[in-house]
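Input: a single structure, listed below in structure tokens.
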Amino acid sequence: MKYDTLIRNALIIDGSNSPGYAADVAILAGRIERIGDLHDACASEEIDAAGRVLAPGFIDVHTHDDTVVIRQPQMLPKLSQGVTTVIVGNCGISASPVSLKGEPPDPMNLLGTAAAFVYPTFRDYRNAVEAASTTLNVAALVGHTALRSNHLDDLLRTATPEEVTAMREQLRESLEAGALGLSTGLAYAIAFSASTDEVMQLSEELAAFGAVYTTHLRSEFEPVLQAMDEAFQIGRHAKSPVIISHLKCAGAGNWGRSPQLLASLEEAARSHPVGCDCYPYAASSSTLDLKQVTDAHRITITWSTPHPECGGRDLIDIAAEWNVPLLDAARRLQPAGAVYYGMDEADVRKILAHPLSMVGSDGLPEDPFPHPRLWGAFPRVLGYYSRDVGLFALHTAVHKMTGLSAARFGLQARGAVREGYWADLVMFDPDTIRDVADFNDPQRAAEGIDGVWVNGVLSYCEGQATGAREGRFLARKGDLSDGFC
């Protein structure tokens with residue numbers, strides 16, 4: 001038999017959290033056909049991977065790539081770091097099902113202007129992704145905030161029973177069309193007024209589909225433990241797995257509390273499937289939130305509609321130039337985005353190393369001056385945290401961004417180098433892989449990524465996209481109600 005592609009002499013790190021082993025991998029019709037000693041085999045394309053790791057393509061479980069995957073389907077910031085699948089619709093913010101009555105409210109504007117929101121049903125969005133022939137695979141959550149924007153005339157209150165019924169219907173239709181589950185962003189102003197009961201009622205739709213509940217907690221600051229308890233309460237009520245988004249100890253007053261947060265996560269996991277994602281940086285990024293304006297740590301403006309010239313500058317410098325207090329400067333910049341240097345490195349490391357955490361970038365592709373996680377999150381875990389710091393073994397790092405992620409979100413035949421699985425693969429040099437993007441120059445491709453295959457097709461090679469666009473929409477399949485792997 002002649003294969004499409006034969007990758008020889010690779011160190012296979014298969015995504016299962018097991019040490020690597022030497023083998024050849026044969027690809028046929030988009031899938032991994034054989035793994036082993038294939039010295040007698042032949043293929044249309046053969047690659048010598050000596051000295052390189054061959055791993056499953058990375059799954060970015062926390063993205064806001066909802067509309068950019070359609071408008072800019074080459075997806076170079078993610079492809080260049082070895083990502084082959086993105087999960088969109090996080091933090092309660094999704095591109096569908098949405099019917100705007102004007103410009104998108106903050107934080108839905110993270111996904112673009114009103115022109116980007118043209119998917120009144122989830123099926124419309126799925127069809128658009130499929131028609132775009134995007135480079136990467138795309139799976140999608142439905143945002144609670146998006147549903148609220150469709151049905152509430154005032155987003156600063158909780159929903160009425162009639163509005164909850166309407167939202168449940170849209171959520172059910174979306175799950176039927178292949179959505180992975182429901183996400184919330186309860187910290188944001190336009191969702192903060194939603195009661196726990198409102199979310200619990202919505203979440204009742206999840207169990208019938210084996211779908212997941214993910215949440216940007218109601219607070220990541222001092223009340224973070226109460227916010228985690230609320231998330232677990234909703235998940236237990238829904239009989240649905242819970243994933244806490246970008247778990248962190250936000251704000252200088254919260255530094256050092258990661259053992260408390262992780263103990264809460266472990267306690268909940270004893271009786272219910274729970275986990276979290278995190279990104280490998282001690283700085284966050286979102287819209288410019290007046291509640292987070294402080295002089296306790298650095299804040300950099302990433303974009304500003306009224307003052308675009310301020311992108312890339314620190315808020316304290318802008319305020320000094322304008323001779324106004326920080327809060328007044330922030331008001332003048334809105335709507336705007338910001339990077340907040342409000343986390344402690346020790347907490348980041350503890351959360352990242354925990355067995356219940358996966359890796360997600362939380363990158364914001366619409367930012368003109370983005371957080372470097374958009375281009376560097378996954379190589380940073382492999383190069384800096386695994387190789388240089390020794391936070392965990394390389395095979396554990398890979399597991400946190402492949403096999404664990406696929407199991408948590410029910411992505412079938414993905415996230416592992418295994419015969420019969422889809423050939424989403426990344427080949428990298430374990431000695432040289434590193435993130436190059438930083439806070440001063442954030443839009444730079446990582447080093448050490450030698451090849452990326454999406455559904456068996458070489459899509460990135462030697463620092464360049466090949467132009468192949470073989471990504472697919474990944475609909476929810478299977479039942480997650482029995483728990484995580």
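Some observations on this one:
- Over the range 287-338, volume per residue of the alpha carbon convex hull, in Å³: 62
- Computed log₁₀ I(q)/I(0) - Debye formula, equal Cα scatterers, no solvent, the range 1-132, q 0.12, 0.14 Å⁻¹: -0.64, -0.76
- Three-way shape call for the chain based on the alpha-carbon gyration tensor, with the a/c threshold at 1.5: prolate
- Rounded to the nearest 20, the Cβ-based charge dipole of the range 287-338 about its Cα centre (Lys and Arg +1, Asp and Glu -1) stands at 140 debye.
- Over the C-alpha atoms of the range 69-198, the Rg to Rh ratio, Rh being the Kirkwood estimate, stands at 0.97.
- For the peptides 427-438, 172-183, the ranking by mean Cβ contacts within 10 Å, running from highest to lowest, is 172-183, 427-438.
- Spin-label model distance (nm) - S44 vs D229, 7 Å beyond Cα toward Cβ: 6.0
- For the range 287-302, the residues whose backbone nitrogen is under 17 Å from a point 7 Å from the Cα of Y341, taken along Cα to Cβ, are 293-302.
- 27 Å Cα-Cα threshold exceeded, pairs from K2/K400; K78/K477; K101/K239: K2/K400; K101/K239
- Global dimensions of the range 348-485 from alpha-carbon coordinates: Rg and Dmax equal 15.6, 45 Å.
- Cα-based helix-to-principal-axis angle, 258-269 vs the chain, degrees rounded to 10: 70
- For the range 132-276, average projected area of the Cα convex hull in nm²: 9.8
- Estimated 222 nm signal from helices in the chain, with DSSP H stretches of n ≥ 4 weighted -39500 (n - 2.57), rounded to 500: -7000 deg cm²/dmol
- Of the two radii for the range 367-413, the radius of gyration is 1.09 times the Kirkwood radius, both from the alpha carbons; that is the Rg over Rh value.
- Only beta bridges with both residues in the chain are counted; by DSSP, about 55 percent of them are antiparallel.
All of the numbers you see were taken from the coordinates with simple rules; none came from a lab. Note that this is a predicted model, so its numbers are computed, not measured. Neighbour counts are summed over all protein chains in view; Cβ atoms, including those assigned to glycine, are modelled from backbone coordinates with ideal geometry.
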